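The values are calculated or read from the model by the stated rules, or taken from the named source; none is laboratory data. Computed from a predicted structure; not experimentally measured. Counting neighbours? That spans all protein chains shown, and the Cβs are built from the backbone with ideal geometry, glycine included. The area values use the complete protein model at the heavy-atom level, side chains included, leaving out ligands, DNA and RNA. Shrake-Rupley method; radii C 1.70, N 1.55, O 1.52, S 1.80 Å.
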Protein chains: 2
Amino acid sequence: MTEQLEQFLTLTIRATQDDLGKILSCFKVRQIAKNEILLNDTETCRHIYFINSGSVRAYFIDEEGNEATRYIAFENNFITTLNSFITQTTSTEFLQATENGEVMAISYQDFRQLLSILPIWKDLYIKQLEIAYTTNTWRLESFIKMDAKQRYDYLFETNPKVIQRLSNKIVANYLGITQESLSRLKGKK
Amino acid sequence: MTEQLEQFLTLTIRATQDDLGKILSCFKVRQIAKNEILLNDTETCRHIYFINSGSVRAYFIDEEGNEATRYIAFENNFITTLNSFITQTTSTEFLQATENGEVMAISYQDFRQLLSILPIWKDLYIKQLEIAYTTNTWRLESFIKMDAKQRYDYLFETNPKVIQRLSNKIVANYLGITQESLSRLKGKK
DNA sequence: ATAATTTTTTATCATTTGTCAATGTTTATG
DNA sequence: CATAAACATTGACAAATGATAAAAAATTAT
């Protein structure tokens, strides 16, 4: 079950066999069922997850009690609630499996441990932070300058998995609109 | 002119006097005039700026030719166009001074150099990435779940400098709405 | 100080999106 | 397989926001 993560690491950083071993031994496999909650908004986020298969979303609930999806991770990506994880304080977000699948989890302690002993792990962390920041920025830009239809089209171009594999409810949520609006959107040209 | 950055570094990381010297010697002071363009969307971003005084915004121009402001940095913060800077490819964004002020600039070469010789610089970079990511995420959340009025109130609470020091045009731009909408917004309760 | 320019406000109207309700469809479960 | 539950679509209407135009106010330049 570690092959996939190993391959990902090999493609991402230049790690020795020894480094790889140390890293992989920190990750534990976990099967996830669709709709399963991996993190509650009352808990502290103790893990970073690498997705072998399936998908996981991060969402929160606003004052009116509506869900809002911040991020969706598919296979070969990491997901966590970074602020809660870094500071080890209560999360304001949920993590939920949006499909059946398999993840590899690394704990906060092991993550910190790897940071202190493996320079290459620090480099990987920097790279992932840069990717996460850049991805986030694009998404933010799409909200600043685009209307709902444009955001949908943009999503279709840049991340079609969201539309292809997940329910309209979650897609609408991710786009920041209601299901009804999404439904109408898809109708018109 | 380096005192401010020095103080910032002292508060943020545990650097020796020697580390501090190496870092500070990489930064060059530059006066900036309101409306001055620090980076054009046809250039590659060669610098990270630390703001001593004044403010700088990052914005882009969408298909319809409208400006959209992604981020505004005030004193004691860094600003750059990260993707262009990291990959040293053409930027899609502008950087523009929104007030008269003073910045400290570090070049891409010096930045890389510090990363390779100073572990503490890597730690600072990680910290700044974490902050940038988290800030970005909050801003993204505000767009997913809030309407314009709520975003305005939220901005007033979390980052009043934007409203207090910059023109409505830029505030509206930052909120992703038109000047006219902002004007109406401020009127009603 | 005056003129020119830019920014802000106000008004009207069009468009987009949200809300609510009803109905049809799919999916999960006993 | 049958039933319930969740999800998707559609319509009618309301609210929010954008577009355009014009006037008022503030800022900048001469």
Inter-copy separations for B:I126, label at 7 Å along Cα-Cβ, nm, ascending: 1.1
Hz values of 3J(HN,Hα) by residue in the range A:173-180 - Karplus curve (6.51, -1.76, 1.60), Gly and Pro given as x: 4, 5, 7, x, 10, 7, 4, 4
In Hz, Karplus ³J(HN,Hα) per residue of the range B:54-63 (6.51, -1.76, 1.60; θ = phi - 60°; x = Gly, Pro): x, 8, 9, 10, 10, 9, 9, 10, 7, 4
Under Karplus coefficients 6.51, -1.76 and 1.60, residue-wise ³J(HN,Hα) of the range B:161-168 in Hz, glycine/proline x: 3, 4, 6, 6, 9, 10, 5, 4
Sulfur and carbon atoms: percent of accessible area, the protein assembly as shown [1.4 Å]: 50 percent
Positive-pole candidate from A:S183, A:I131, A:I144, dipole of the range A:127-184, charges at beta carbon: A:S183
Placed amide H near B:I32: partners under 5 Å, 5+ positions off or other chain: B:G101, B:E102, B:V103
Förster-model FRET efficiency, 51 Å R0, B:I61 and B:T16, C-beta, rounded to 0.05: 0.70
Average beta carbon contacts from partner chains per residue of A:51-64, 10 Å cutoff: 1
Rounded to the nearest 20 debye, dipole of chain A from Cβ charges on Lys, Arg, Asp, Glu: 480 debye
Dipole of the range B:1-151, positive direction: furthest Cα of B:S116, B:F50, B:L95, with charges on the beta-carbon: B:S116
Sparse-neighbourhood loop sites, GluC sites (Glu not before Pro) in the range B:1-76 - DSSP loop, at most 12 other Cβ within 10 angstrom: B:E63, B:E64
Whole-angstrom gap from the range A:167-189 to the range B:16-68, using each part's C-alpha centre: 38 Å
Shielding by partners - mean other protein chain Cβ count within 10 Å, residues of B:80-89: 2
Gyration tensor (alpha-carbon) shape descriptor, chain A, a/c threshold 1.5: prolate
Interface area, A with B, accessible, probe 1.4 Å, both sides summed, Å² nearest 100: 3200 Å²
Ascending list, in nanometres, of distances separating the B:Q4 label from those of the other copies (7 Å, Cα toward Cβ): 4.9
For B:11-17, mean number of other protein chain Cβ atoms within 10 Å: 0
Heavy-atom accessible area per residue - the protein assembly as shown, 1.4 Å, Å²: 48 Å²
Pseudo-label separations to other copies for A:T90 - Cα-to-Cβ vector, 7 Å, nm: 5.0
Nearest 10 degrees, 0 to 90: helix A:148-158 Cα axis against chain A principal axis: 40 degrees
Exposure ranking of A:T87, B:T42 by accessible area [1.4 Å probe, largest first]: B:T42, A:T87
Reduction of at least 50 Å² in accessible surface, 1.4 Å probe, comparing all protein chains with the chain by itself, residues of the range A:128-145: A:L129, A:E130, A:Y133, A:N136, A:L140, A:E141, A:F143, A:I144, A:K145
Angle between chain A longest axis and helix A:108-117 axis [Cα atoms, degrees, rounded to 10]: 50 degrees
Violating pairs (Cα-Cα greater than 24 angstrom) within the set B:K127/B:K186; A:K149/B:K149; A:K145/A:K186; A:K28/B:K145; A:K149/A:K169: B:K127/B:K186; A:K28/B:K145
The protein assembly as shown shape via C-alpha gyration tensor axes, a/c threshold 1.5: oblate
Accessible area, probe 1.4 Å, largest first, for residues B:T44, B:T16: B:T16, B:T44
Order by protection proxy (mean Cβ within 10 Å, highest first), peptides A:124-132, A:53-61: A:53-61, A:124-132
